[in-house]
Amino acid sequence: MFKHAKSLGLGSVPHAGEVAGAASVRGALESLDADRLRHGIRAEEDPGLVRELAARGIVLDICPLSNLRTGAVANLHEHPLPRLAAAGVLCSISTDDPAMFDTDLSRDYEAATSFGLDPRSFYDAGLAGALCDARTKERLRQIRDSFDWPEHPSR
């Protein structure tokens, strides 16, 4: 199904690497020709895979509170987001399923920025991996540039 969708010009954005390990991330890249990944946090188990994600500019849509509530991470302090970002992996912030996990984008951004990461970096990552036309990307850049970004805490 993914190959057919890609042949029609659609992006491949599978869920991988939340609960299943790094092999699921590798499988999504190789078998599903993923353009970006929902979750992907378990990629950190394979340093070579982390380097590949960074080099290829594959965006991981990280859902910190979902990861906590599914048990993918034992507690927020152990979340791999800061380590993935430090390794150069592009990480956007998402909510997964807001109703199921009792969250919204603001709460997930709060969780993500609690690591001292710059919220604009998450927006930039989402923009880098946006599967849309040039006009829409330009509008998203304008929104980014006009937004009053909060100061982020230093690490």
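Observations on the structure shown:
- Taking Lys and Arg as +1 and Asp and Glu as -1, the other residues whose beta-carbon sits under 13 Å from that of LEU68 total -4.
- Subtracting the Cα-Cα distance of ARG144 and HIS15 from 0.36 nm times their residue separation leaves 43.8 nm of extension gain.
- FRET efficiency for ARG107 and SER7, using Cβ-Cβ distance with R0 set to 30 Å, rounded to 0.05: 0.20
- Around the amide H of ILE93, modelled in the peptide plane, lie the amide H atoms of ILE62, all under 5 Å away and 5 or more residues distant in sequence or on another chain.
- For LEU131 and ALA86, a Förster radius of 41 Å and the Cβ-Cβ distance give a FRET efficiency of 0.95, rounded to the nearest 0.05.
- Residues considered: ARG36, ARG56, ARG120. Largest GNM mean-square fluctuation over the chain, using C-alpha springs under 10 Å, is found at ARG56.
- Measuring with a 1.4 angstrom probe and ignoring ligands and nucleic acids, MET100 comes out at about 130 Å² accessible.
- Counted charge near ALA130, where neighbours are those whose Cβ lies closer than 12 Å (Asp, Glu -1; Lys, Arg +1): +1
- Between the beta carbons of ALA74 and ASP33, assuming R0 = 35 Å, the FRET efficiency works out to 0.60 to the nearest 0.05.
- Stokes-Einstein D for the chain, Kirkwood Rh over Cα pairs, 25 °C, 0.890 mPa s (µm²/s): 154 µm²/s
- Choice from ALA99, ALA112, ALA20 with maximal GNM fluctuation in the chain (Cα, 10 Å cutoff): ALA99
The values are calculated or read from the model by the stated rules, or taken from the named source; none is laboratory data. Bear in mind the structure is a predicted one, so any value in this text is a computation, not a measurement. Don't worry about glycine lacking a Cβ; one is built from the backbone with ideal geometry, like all the others, and counts go over all protein chains shown. These area figures cover heavy atoms from the full protein model, side chains too; ligands, DNA and RNA do not enter into them. Shrake-Rupley method; radii C 1.70, N 1.55, O 1.52, S 1.80 Å.
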